[in-house]
Structure formats: C-alpha cells, structure tokens
1. Test T18 against the criterion of being exposed (fewer than 14 other Cβ atoms within 10 Å of the Cβ) and either in a loop (DSSP other than H, G, I, E, B) or β-branched (V, I, T) (or both), and give yes or no.
2. Among the numbered conditions (1) surrounded by 12 or more Cβ atoms within 10 Å (Cβ to Cβ); (2) out of contact with any Ser or Thr (no Cβ under 9 Å at 6 or more places or on another chain); (3) modelled with pLDDT under 85, tell me where G260 comes up short.
3. Go through G44, G55 for me and flag whichever is out of contact with any strand residue (DSSP E or B) (no Cβ under 9 Å at 6 or more places or on another chain) and open to solvent by less than 20 Å² (accessible area, probe 1.4 Å).
4. Any residue that is open to solvent by 20 Å² or more (accessible area, probe 1.4 Å), closer than 19 Å to F139 by Cβ, part of a loop (DSSP other than H, G, I, E, B) and touching a strand residue (DSSP E or B) at 6+ places or on another chain (Cβ under 9 Å) - is there at least one of those in the stretch 83-102?
5. Please find, among R218, R214, the residue that is open to solvent by 90 Å² or more (accessible area, probe 1.4 Å) and not β-branched (V, I, T).
6. Exactly one condition in (1) farther than 29 Å from D255 by Cβ; (2) assigned to a loop (DSSP other than H, G, I, E, B); (3) out of contact with any Lys or Arg (no Cβ under 7 Å at 6 or more places or on another chain) is false for V71; which is it?
7. Checking W22 against (1) more than 16 Å from I149 (Cβ to Cβ); (2) at pLDDT below 95, which test does it fail?
Amino acid sequence: QRGIVSGWNGILGAAPRTQAAWIRTANTNSTGAIAGWGTLSDAGGKWSFTINSSGRIRQEVASGFLIGTAVVNDGQWHHVALAFPGGDITNAALYVDGQPDPPSSVDAQAVDTRDNGPAMVGVDNQNRYFRGAIDELRFYDRALSHTEILGIYQATNQAMGAWARRYFGNATVDWNADDDHDGGKLLLEYAMGGQPWIADAGRLSIQSDIQTDRLHIRYPRRADGTHELAYTVQVSADLATWSTLPPGDVSMAIDWDNPGFETVEIELDPPFGDDIKFFVRLHIAM
C-alpha cells in the first residue's frame, strides 16, 4: 500500500539509520521509490530509497547518490537494505538478499536530510511510484551490521510477527484466541484479512456454490510471497474424512479493498458427482 506515514517525518539530519524491505518488481521503465522523505532543493536534504530502471538499489540524497550492483527487477522477491552510519552517503553499505552489494556508482554528498512533512512509502516527493510489491519495510535509528541484516533476511514468520505487533504491541499473542468474539481465531483473522478487535465474520469465510454443473469456490488470502501460511481447500462427504480438493481452474485477483490480499477463485467438476451432498472448508496452517 502506497502513501503517507502519518505522524513520522523520517530520520533527519546526518543521523545514522538503516532501512530494509522485501520487494518484488519486474519494472524496467523507470525509477520507483520504496520510501522517501526530505527536500529536493537542499544539497543532501533528500532521502529517497529507490530501485532504478536498471533494477539496482539507488539511494538519493540530493546532489549525491549510491547505486548498487545486483539486479533485482527480475520479478522475484528480494531483500534489500541500506545501513548508513552518518556523514557522507558514500559511507553507506548496501545489501541484497542478506549479502553486501558493492556500489557500481557513487556521487559523494554529505547527508543532511531535511524535514519536509511525513515520510512516504511506495512513492517519493518526485511522484516516482514503485511498480511492484513491498513487504516488511523496516527503519532503524542506527546502522545495522552485516550480521544483523543477514539475520533479518533469514528470519521466519516475520509477517505474522509484524501483524501481531501492530495490534498487540509487545504482548504475547495467542493465535487460538477470539478477542472480538466473531468466531474467528487470530490465525484466521491474520490469514483472511480480518481485524482482531472488530467482529467481521463475513470476511472470514469461504464461498462455494454450483454454477452450470461446476463447483465454484472463492476466498481471500494474503498475496503470494508475503506470508508463511499454507492455504489448502478440502472437501468431505461426511464431515469425518477430509481430502484435498482436486486440481481445477484457478485464478487470482488483487483485492483493492484490502491491500496485501488477493481473491482466489477455483472452478472444477464436483468431486463427488452431481447428486451427492458434500462439504468444503479452507485449511490454514503455519
């Protein structure tokens, strides 16, 4: 989801910082900003973390920049990061998929990031939109080490952890709890785009029916590559024995009303024939 980070104007001045994110893009036409803030007119006053049209990480600071070597616009998920200890932008270190990314081009400039209002995600103050997906964007007020960045890259269940922190802070999360009493456990809320403090049972369901002698199934799930879950549609004739749904025609569509989610639609012949009642469920596992 692109937009303004309300209440946060970014890390300013020459203060140390680290930024990291998972990204996926196949764009080769233009520069796209992962995040940005600051001013354009002051030397060193801009802070724009981008992927250039050649598919390389580019950090711009107004009159200065640092460009990596690795190409990441191949349509696959990559972890990108920059650690800045302070001073000139040439002091920064770039990382791709947990490993150092040596600069292919640099233009020295002392960093002096200016306050120009809220920071932005997926776009910068030059209206350069990121064409692709961004996940698990992080900022730190210090320069992380290579070991720390590698640890972020290798970490598991980070999407679930970020979701839990958003709603529960540092509290221990019981994924079997139903805090809003709508019949959906926290794991289901996370998996299907629900809100843990709002009763929204309608969101937490799978829809199925027969249309022109074909079984149609529809359900929401987190966008491919942004989660650690396994979604499996299962069927049963007696509610006792369940089996995985046979392959069918599957399509996915972005859920524009719920950023980060997609709607899955499956169409196939009824697995038990036309005249037998059967049940359908969605099995979700970590």
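1. no
2. Checking G260 against (1) surrounded by 12 or more Cβ atoms within 10 Å (Cβ to Cβ); (2) out of contact with any Ser or Thr (no Cβ under 9 Å at 6 or more places or on another chain); (3) modelled with pLDDT under 85, the one that fails is (2).
3. G55
4. yes
5. R218
6. Looking at each condition in turn, V71 falls short on (3).
7. Every listed condition holds for W22 apart from (1).
Matching residues to (1) assigned to a helix (DSSP H, G or I); (2) at pLDDT below 90; (3) touching a helix residue (DSSP H, G or I) at 6+ places or on another chain (Cβ under 7 Å):
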{"residue": "A164", "(1), (2), (3)": "yes, yes, no"}
{"residue": "V173", "(1), (2), (3)": "no, no, yes"}
{"residue": "L187", "(1), (2), (3)": "yes, no, no"}
{"residue": "Y190", "(1), (2), (3)": "yes, no, yes"}
{"residue": "I198", "(1), (2), (3)": "no, no, no"}
{"residue": "H216", "(1), (2), (3)": "no, no, no"}
{"residue": "D224", "(1), (2), (3)": "no, yes, no"}
{"residue": "V233", "(1), (2), (3)": "no, no, no"}
{"residue": "T241", "(1), (2), (3)": "no, no, no"}
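The values are calculated or read from the model by the stated rules, or taken from the named source; none is laboratory data. Since the structure is predicted, the reported quantities are computational estimates derived from the model, not experimental observations. Virtual Cβ from ideal backbone geometry, glycine too; neighbours counted across all protein chains shown. All accessible areas refer to the heavy atoms of the entire protein, side chains included, with ligands and DNA or RNA removed. Shrake-Rupley method; radii C 1.70, N 1.55, O 1.52, S 1.80 Å.
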